[in-house]
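Taking it in order: structure first as structure tokens, then the write-up.
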Amino acid sequence: MFYKTMTYCPECEHPLEKKFLKDEGDIPYCSQCNSFRFPVFNTAISAILFNESHDKILLIKQYKMTEHILLAGYVSQGENAEATVAREIDEELGLKVKSLTFNVTKYYERSNSLMINFAATVTGAAKLIMKLMTGIGFQSKMPKKPSKMVLLPKVFY
Ligand SMILES: [Zn+2]
């Protein structure tokens, strides 16, 4: 699978060609650097945020979007995905992670991103009262099957 982001060598900008690599298949190759250039992509997290009693999930509203979405953010270079979840929850909501469970991953071609989804229980509901006034709030609708609603495509629309 080749993506337009890998048409040219990221090091020297020479056009890449396909070259067979044992156990890997056809991989972009820079004949100027004599190096294989494996496709690069972004890594992001999204999280289903549960309150401590696990009867509500927290969704956010971003930018000019009208719908509420799962909290999401890009993983910084050198950061593990679990740390990204905690950082985004702290930055965006001022809440702390009580527990964190890996859920599922999905690749989004549109943003060339691998999304890693977690289910997280957050603490600090008192702080949330402040946030409610800025458009962030718990939704009272609890999905019957949480796994069906993960990785909302709108996260990257
Ligand atoms: Zn090169």
> Rounded to the nearest 0.05, what FRET efficiency do F20 and V40 have when you use their Cβ-Cβ distance and R0 = 22 Å?
Replying inline: 0.65
> Once fully extended, how much extra length lies between E79 and E109, figured as 0.36 nm per residue of separation less the alpha-carbon to alpha-carbon distance?
Replying inline: 8.6 nm
> Long-range amide H contacts for G94: which residues qualify at under 5 Å (H placed 1.01 Å from N, peptide plane, sequence gap of 5 or more or a different chain)?
Replying inline: none
> Stretch M65-S99 to full length: gain in nm at 0.36 nm per residue minus the Cα-Cα span?
Replying inline: 9.4 nm
> When we measure straight from the Cα of K18, which aspartates and glutamates land under 19 angstrom away, once same-chain ones fewer than 8 places off are left out?
Replying inline: D26
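Where a number appears in this text, it was derived from the coordinates with a stated rule and is not lab data. It should be emphasised that the depicted structure is a prediction, and the values quoted were computed from it without experimental measurement. A quick note on method: Cβ atoms are made from the backbone with ideal geometry, for glycine too, and the neighbour counts reach across all protein chains shown.
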